[in-house]
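Worksheet: one structure, shown below.
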Amino acid sequence: MRYDVDQAAFPESGTLGGGDLSFAVFSLKHAACGDHVVEMRLGDGTLLEWCMACSVVQIFGDREV
């Protein structure tokens, strides 16, 4: 089952309730993609997520690598 989440409704890099929700939104949006999601740690506090099924790449955390 796949759910469409409108990411525009959530802050991209802001905080809501004391924490960044952009990673949670990405994870939930691509949960059905399963093994097509690749996660790479780029450094302390920086994570790259790539969904090959949807052709989406997003970086979370510190943007200075």
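The values are calculated or read from the model by the stated rules, or taken from the named source; none is laboratory data. Just so you know, these numbers come straight off a predicted model, no measurement behind them. Reconstructed Cβ throughout: ideal geometry from the backbone, glycine too, with neighbour counts over all protein chains shown.
Here is how the numbers come out for the structure above:
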item: Filtered residue count, segment 29-44, keeping only those that are surrounded by 10 or more Cβ atoms within 10 Å (Cβ to Cβ) and not in a helix (DSSP H, G or I); result: 8
item: Hits in segment 45-65 - residues which are modelled with pLDDT of 90 or more and part of a loop (DSSP other than H, G, I, E, B); result: Met52, Ala53, Cys54, Ser55
item: Residues within segment 12-28 that are at pLDDT below 70 and either of a type outside the set (Asp, Glu) or surrounded by 14 or more Cβ atoms within 10 Å (Cβ to Cβ) (or both), tallied; result: 7
